[in-house]
Amino acid sequence: EAQVTQNPRYLITVTGKKLTVTCSQNMNHEYMSWYRQDPGLGLRQIYYSMNVEVTDKGDVPEGYKVSRKEKRNFPLILESPSPNQTSLYFCASKWGGGGLSSPLHFGNGTRLTVT
Amino acid sequence: DQQVKQNSPSLSVQEGRISILNCDYTNSMFDYFLWYKKYPAEGPTFLISISSIKDKNEDGRFTVFLNKSAKHLSLHIVPSQPGDSAVYFCAAGGGNKLTFGTGTQLKVEL
């Protein structure tokens, strides 16, 4: 089954404790991206990757890091989480060609709480 | 600066009637528009899209209308079904950059 898998689904942590949210896709997609969803703000892009070893900032990259060492994986790293990073996070992927006409496939989300 | 706005946070419609979800954008460079649907505890899923060269695209019960001069798009669902109850996000962009709206919670009541 074609899917984007995020882990964990839920995570509660404390301020300053480094964490990684994993994302893996099995569709051989070139493009991968991370979003956060907050009430009243919709989905905002954190980072994206056009292909292996190619990453770029989205609209809200502060406090986050990503890496794209393999095509299928795109982990999101919070080196020193803060309470304002409490949010619902989504990983997404799509075929690299076709621009926006190739739609995003989303994972089921990771709900992060930072106390 | 919200470039894509969904001004109605929620909408309630009776089963069988038409649901109309609205979306406004400010960037005249946007040339592609999409709607995504999201159920609780799941990620958004693609629903329907339209490019700026068209003003209407239809897929079964779902139709998206684009009014470029007004920078407005709408999603029509006819007839609405209880399974359509979800959050709907519009998204707009150009190149490979996509901007999402804030979402509208649709509730279809029996």
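Take each residue in B:45-55, count the other chain C-beta atoms within 10 Å of its C-beta, and the mean is 2.
Dividing the mean sequence gap of close Cα pairs (under 8 Å, 6+ apart) by how many residues chain B holds gives a relative contact order of 38 percent. Who wins for biggest fluctuation among A:Gly63, A:Gly96, A:Gly40 in a Gaussian network model of chain A, springs between alpha carbons below 10 Å? Answer for the Gaussian network model of chain A: A:Gly40. Other residues lying with their Cβ under 10 Å from the Cβ of A:Asn84 contribute a combined charge of -2, Lys and Arg counting +1, Asp and Glu -1. Model label sites at B:Ser28 and A:Ile12, defined 7 Å from Cα along the beta-carbon direction, differ in position by 5.2 nm. Couplings 3J(HN,Hα) of segment B:78-93, computed from phi: 9, x, 6, 10, x, x, 7, 4, 5, 9, 10, 10, 8, 9, 9, x Hz, in residue order, whole Hz [Karplus 6.51 cos²θ - 1.76 cosθ + 1.60, θ = phi - 60°; x for Gly and Pro].
How much of the DSSP bridge set in the protein assembly as shown is antiparallel, in percent, rounded to the nearest 5?
Once the DSSP bridges in the protein assembly as shown are tallied, antiparallel ones form about 90 percent.
By its C-alpha gyration tensor, with a ≥ b ≥ c as the square roots of the eigenvalues, how is chain B shaped: rounded for a/c under 1.5, else prolate for a/b larger than b/c, else oblate? Verdict is prolate for chain B. Residues whose amide H comes within less than 5 Å of that of B:Gly103, counting only those at least five positions distant or on another chain, are B:Gln6, B:Cys90 (H built at 1.01 Å from N in the peptide plane).
Please state the charge dipole magnitude for the protein assembly as shown, taken about the Cα centre, from unit charges on C-beta atoms (+1 on K and R, -1 on D and E), reported in debye and rounded to the nearest 20.
Numbers: 24 positive and 19 negative charges, 63 e Å.
Computed about the Cα centre, the dipole is about 300 debye.
Compactness check for segment B:42-83: Cα Rg over 2.2 N^0.38 Å is 1.27. Here B:Lys56 is the anchor, and the lysines within straight C-alpha reach of less than 21 Å, apart from those fewer than 8 places off in the same chain, are B:Lys5, B:Lys37, B:Lys68, B:Lys71. Excluding A:Lys71 itself, calculate the net charge of residues whose Cβ lies under 12 Å from the Cβ of A:Lys71, where each Lys or Arg counts +1 and each Asp or Glu counts -1. With Lys, Arg at +1 and Asp, Glu at -1, the neighbours total 0. Size descriptors for the protein assembly as shown, from the alpha-carbon set: Rg then Dmax equal 17.5, 51 Å.
Just want the ordering: B:Asp59, A:Asp59, from fewest to most Cβ atoms lying within 10 Å of their own Cβ.
Working: B:Asp59 10, A:Asp59 14.
With the fewest neighbours first, B:Asp59, A:Asp59 line up as B:Asp59, A:Asp59.
The numbers here are math on the coordinates, done by the rules we state, and not lab data. Model, not experiment: these values are computed from the prediction. Glycine gets a Cβ as well: all are built from the backbone with ideal geometry, and neighbour counts include every protein chain shown.
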